[in-house]
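What follows draws every value from the coordinates through simple rules; no lab data is involved. Because the structure is a prediction, the values reported are computed rather than measured. Quick reminder, even Gly has a Cβ in these numbers, built from the backbone with ideal geometry, and neighbours come from all protein chains shown.
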Amino acid sequence: MSDVTIPQELAQKLVSSPTYASTDLFDTYRWLRANNPLGVAEVEGVDPFWVVTKHADILEISRNNALFLNEARATTLMTQTDVERAYAITGTPHYVRSLVQMDEPDHMKYRLLTQAWFMPANVRKREADVHALAKAAVEQFIALPGQCDFVKDVALHYPLRVVMNILGVPEEDFGRMLRLTQELFGASDPDTQRFKDALEPEQYRQLMLAVIQDFSDYFEAITNDRRANPRDDLATLLANAEVNGQPLPPFERTGYYMIVATAGHDTTSSSTACAMWALATVPGLLERVRGDLSLVPALIEESIRWATPVKTFMRAAAQDTELRGRKLKANDWLMLCYASGNRDEDVFENPDTFDIDRKPNRQIAFGNGAHLCLGQHLARMEMRILYEELLPKLKSVRLNGEAKLSESFFVNGLKTLPIAFELA
Ligand code: HEM
């Protein structure tokens, strides 16, 4: 074993989803940052990959989009079998082609279609809609009998409603959207994974093709509707968008709908739940923020750092290069560990303390560079509005059982948060 190789036990942890539901993850990252901040994980069944754990390196790689590519290799951690399955379906290492799977020149052409829409000035125009959804979520919350599972009762539904509202999906179809996105992206959920592992390659291909087809059919109908009846939503924008003077090809258009629907849901749910976890467990925090609502944005920012819902994205080196004294070869695969960057001792004082007084809070949960999260302003706004609405009504809150995290090395967060609370 060379000094580049990560100890087998730790490498194994990085590819096994239960680690992501335990504090093991942060112990592993801490060891790597101190002892091998840019090392290679070699695990059976997965191509070797570099593990990037330092804040500075994650930023450098994210910002150098000509050298570190998204399209060439899988953008999320996948087993060799999964990659082969994707090739069998799409001829690429990806199941879909959205912004995340594109490099220049296509990436910027596609991103520019909606970038202005996601900028703060435009997102603010949705404030009244988001406010109405937040009010409804808080009304449901205060009708509960002094205890609930905050994830299931609030944090899962509210961001789904916001993202479906901006996309223009009617309420009766929310369930279908949830199911489709979970079937497509829930690969590391243990139950879904067991079911998929039991399938023959051809059965698996047929299953995925059916899910992708279902998604495409659904959004083709929405596309046709918005071409005939334009509205003030993102679906209308995408239905009428053009790249290189042509309407978007159906595969790319479906990919666009999918990335907005999926990227905007679990991530925001996870940060929303994390803020409530902090209010329930950090002494004095609730009283302080409720007494001064101008602290809500700081609470949100620290919750995003703490939760870091997107745990990892992958990149591929375009050519031989050097980083932190290590020699990388063309086509090498790299795992960006955002949650490690967000606990990096070189950037954050007492990184394992939840502290809303970080100024500035240099969290990197939204990534950086050309792929920097498009939805960051919307995510911050919807969480701010929810807590501004909720906090004045909340007198006390405490944990009422064990808070549990979901098992996923891609997007994860609290899957249950039992709380007991008193209203003001
Ligand atoms: C707290 C909530 C959120 C977190 C932590 C988050 C995190 C991320 C991360 C890490 C990336 C990849 C960045 C990179 O590769 O450098 C990303 C990309 C993206 N996010 Fe978010 N996201 C959140 C909410 C949202 C919302 C609400 C939306 C939209 C409704 C959204 C839409 C997107 C899109 C479209 C991309 C792809 C951008 C590109 O590749 O150019 N996200 N997000």
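Worth pointing out:
- Theoretical FRET efficiency, 1/(1+(r/R0)^6), r = Cβ-Cβ of residue 288 and residue 241, R0 41 Å, to 0.05: 0.35
- Inter-label distance for residue 324 and residue 217, nm, one decimal - labels placed 7 Å from Cα along Cα-to-Cβ: 4.7 nm
- Estimated FRET transfer efficiency when R0 is 35 angstrom, pair residue 5-residue 349 (beta carbons, to 0.05): 0.65
- If R0 is 30 Å, the Cβ-Cβ spacing of residue 174 and residue 116 corresponds to a FRET efficiency of close to 0.65.
- Prolate/oblate/rounded label for segment 1-45 (Cα gyration tensor, a/c 1.5): oblate
- Taking other residues whose beta carbon is less than 11 angstrom from the beta carbon of residue 24, and scoring Lys, Arg as +1 and Asp, Glu as -1, yields 0.
- Label-reachable residues, segment 75-94, where backbone N falls under 19 Å from a point 7 Å from residue 202's Cα toward its Cβ: 84-91
- The aspartates and glutamates within cross-link reach of residue 125, meaning a Cα-to-Cα straight distance under 17 Å and a gap of 8 or more places when in the same chain, are 232, 233, 382.
- This ranking places 77, 10 by how few other beta-carbon atoms lie within 10 Å of each, fewest first, which gives 10, 77.
- Potential lengthening of the chain between residue 132 and residue 80 amounts to 14.2 nm, from the contour at 0.36 nm per residue minus the alpha-carbon distance.
- Local electrostatic count at residue 380 - Lys and Arg +1, Asp and Glu -1, tallied over other residues with Cβ under 14 Å: -1
- Peptide packing: for 36-49, 351-364, the average count of neighbouring Cβ atoms within 10 Å per residue gives the ranking 36-49, 351-364, highest mean first.
- Dividing the summed -39500 (n - 2.57) terms of all DSSP H runs of n ≥ 4 by the residue count of the chain sets its mean residue ellipticity at 222 nm at -15000 deg cm²/dmol.
- With K and R counted +1 and D and E -1, the other residues having a Cβ less than 11 Å from that of residue 396 yield a net charge of +1.
- Counted residue by residue at 0.36 nm each, then reduced by the alpha carbon distance between them, the extension gain from residue 229 to residue 142 reaches 27.5 nm.
- Per-residue HN-Hα couplings for segment 331-344 [Karplus 6.51, -1.76, 1.60; θ = phi - 60°; Hz; x = Gly/Pro]: 6, 4, 9, 10, 9, 8, 9, 4, 5, 6, x, 7, 10, 6
- Coordinate range of the alpha-carbon atoms in segment 27-137 per principal axis, descending: 50, 39, 32 Å.
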